[in-house]
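Structure first, commentary second.
The values are calculated or read from the model by the stated rules, or taken from the named source; none is laboratory data. These numbers come from a predicted model, not from an experiment. Here the Cβ positions follow ideal geometry from the backbone for every residue, glycine too, while neighbour counts run over all protein chains shown.
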Amino acid sequence: MKRKLIFLILLLVVFKVSAQNAYTPSAENIKAREWFQDARFGLFIHWGVYSILGDGEWVMYQQGIDKQTYEKVPGFFNPVKYNPREWVAMAKAAGMKYITITSKHHDGFAMFDSKLTDWDIVDRTPYGKDVIKMLAEECRKEGIKLFFYHSQLDWYQDNYYPRGVTGGTSGRPQKGDWYKYLDFMDGQLTELLTNYGEIGGIWFDGFWDKKDSDWRLDKTYSLIHTLQPGCLVGNNHHLAPFPGEDFQMFEKDLPGHNTTGFSGDSKIGSVPLETCETMNNAWGFNLMDKQYKSSKTLIQYLVKAAGYNSNFLLNVGPMPDGRIQPEFISTLKEMGKWMEKNGETIYGTNGGPVSPKSWGVSTYKDNKVYIHLLNPEDNNLLIPDFGKKVKGITLYSTAAKLKFKQDAFGITVSVPKESIDETDTILVIEI
Ligand code: FHN
């Protein structure tokens, strides 16, 4: 009997590993990955009932609010000024091609109408409308792809047990059925991938809360790819991509960097990349966070991301009345003006043949290499040779021809001082 049991367990493990490793993206998925890679710029939206408290999306945990007390919060959530048409128009005007919105964050509250729980916006708030459905309809009308940020971590569901490193103050019973929770999560993902039209991707987060647990990823990922083969799977586990994942995200970091300490183990994989960042320091609405990043800082972040062959997902945390704060709107308008003029050097490009330098980065498309001078020491530049014959170099902004020399040392080019742009001076190298 024992030998049989061991044999069965071994068989299961082999099947599980092979199932995960056997993932080969469908033609539809590959097409979606190519679209994603070309899109380069998206809007991240962290919005939940936690915005009522104005202290970020971790307020339930950080203020030690147990679930019984937290259950009062949705009763105050009535975003009467929510207007998805304005949100989508703002994203489009900024030059963004997709929106990634929190369908459920760590507090477990579904911002969509779920039949699997009443812990959702339709059943628990005076507003009572499915904001995700409203946004999905607007995105479809306006040709903006919609992705869902979906938290695997859940501070509300009792079956999220054993607890992970967070959520201990939620006052839940010390018991639960972990696989029932995973079934519940897969059930909500089925709702999101069935009732809201074509979905661009699922942005998972929270794996790190129980990183040694059996998250049954292969089952969840194959469910997603079965329901919508073109739906891209990404998981913010801060590790190298697992089988079944179609893109890799970096949080507040350019790929390969580890400025925040989150990305220590995340080797850069061979799937499309995306880095995400806040406009102040908060993801969810935080009344007192006025550390607004300038449009120059954010434009340069977007350009650097492209130089690292990565998308840039820029976050807003809408206010509890449904509006996006004016500081974010004005910065996004500035970014849109820049993208309107210079988007050609970002959209549809790959990281260029000149690796990122202190002075800037390069992007590449067709027979053009775009040199982005973000922080030039002076107006004379030595570009390391990248093994291609240079036919000519022009200034992107004016198309003016620039004098250059290509020799064993590389490509030297002088940029007229008056042409240096304090945000990004773009040179076009024709090869
Ligand atoms: O805990 C979350 C956090 O609330 C936010 O969603 C960010 C966005 O990338 N991800 C996690 C922190 O790593």
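Here are 209, 158: which of them is assigned by TED's automatic domain parsing to the domain that holds residue 62 and not in a loop (DSSP other than H, G, I, E, B)?
Working: 158 fails: not in a loop (DSSP other than H, G, I, E, B).
That would be 209, the only listed residue that is assigned by TED's automatic domain parsing to the domain that holds residue 62 and not in a loop (DSSP other than H, G, I, E, B).
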For region 356-387, which residues satisfy the criterion of being surrounded by fewer than 15 Cβ atoms within 10 Å (Cβ to Cβ), touching a helix residue (DSSP H, G or I) at 6+ places or on another chain (Cβ under 9 Å) and in contact (Cβ under 8 Å) with a residue 12 or more places away in the chain?
375
Qualifying position, being touching a residue at least 12 places away in the same chain (Cβ under 8 Å), more than 25 Å from residue 317 (Cα to Cα) and either touching a strand residue (DSSP E or B) at 6+ places or on another chain (Cβ under 8 Å) or within 16 Å of the ligand (Cβ to nearest atom) (or both), among 196, 160
160
Just for region 237-253: of the residues that are under 17 Å from residue 351 (Cβ atoms) and at pLDDT 95 or above, which one is nearest to the ligand (Cβ to nearest atom)?
249
Can you name the number of the only condition in (1) in contact with a Lys or Arg (Cβ under 9 Å, 6 or more places away or on another chain); (2) more than 21 Å from residue 283 (Cβ to Cβ); (3) not acidic (Asp, Glu) that residue 339 fails?
(1)
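Condition test on residue 196, is it in a helix (DSSP H, G or I), within 21 Å of the chain's Cα centre (by Cα) and either farther than 23 Å from residue 62 by Cβ or of a type in the set (D, E, K, R) (or both)?
On the way: in a helix (DSSP H, G or I): no; within 21 Å of the chain's Cα centre (by Cα): yes; either farther than 23 Å from residue 62 by Cβ or of a type in the set (D, E, K, R) (or both): yes.
So residue 196 does not fit the description; no.
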Here are the criteria: (1) of a type in the set (A, V, I, L, M); (2) assigned by TED's automatic domain parsing to the domain that holds residue 93; (3) at pLDDT below 95. Tell me which single one residue 408 does not satisfy.
(2)
Select from region 71-96 the residues that are of a type in the set (Phe, Trp, Tyr) and not in a helix (DSSP H, G or I) and list them in ascending order.
77, 82
How about region 23-54: which of its residues are within 16 Å of the ligand (Cβ to nearest atom) and surrounded by 19 or more Cβ atoms within 10 Å (Cβ to Cβ)?
42, 43, 44, 45, 46, 47, 48, 49, 50, 51, 53
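Yes or no: residue 312 modelled with pLDDT of 95 or more, closer than 29 Å to residue 52 by Cα and either buried (at least 16 other Cβ atoms within 10 Å of the Cβ) or away from the ligand (no atom under 15 Å from the Cβ) (or both)? Spell out the reasoning first.
Working: modelled with pLDDT of 95 or more: yes; closer than 29 Å to residue 52 by Cα: yes; either buried (at least 16 other Cβ atoms within 10 Å of the Cβ) or away from the ligand (no atom under 15 Å from the Cβ) (or both): yes.
Criteria met by residue 312.
Specify the residue that is nearest to residue 327 (Cα to Cα); the eligible residues are those in region 255-276 that are modelled with pLDDT of 95 or more and buried (at least 21 other Cβ atoms within 10 Å of the Cβ).
First, pick out the residues of region 255-276 that are modelled with pLDDT of 95 or more: 271-276.
Next cut, buried (at least 21 other Cβ atoms within 10 Å of the Cβ) only: 272-276.
On the way: 272: 30, 273: 28, 274: 24, 275: 22, 276: 19 Å.
Looking at the filtered set, the residue picked out is 276.
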All but one of (1) surrounded by fewer than 16 Cβ atoms within 10 Å (Cβ to Cβ); (2) within 16 Å of the ligand (Cβ to nearest atom); (3) more than 16 Å from the chain's Cα centre (by Cα) hold for residue 285; state the number of the condition that does not hold.
(1)
What number of residues in region 224-236 are under 19 Å from residue 185 (Cβ atoms), more than 16 Å from the ligand (Cβ to nearest atom) and not aliphatic (A, V, I, L, M)?
4
For the list (1) in a loop (DSSP other than H, G, I, E, B); (2) crowded, with 20+ Cβ neighbours inside 10 Å; (3) at pLDDT 95 or above; (4) away from the ligand (no atom under 13 Å from the Cβ), I need the number of the one condition that residue 218 fails.
(1)
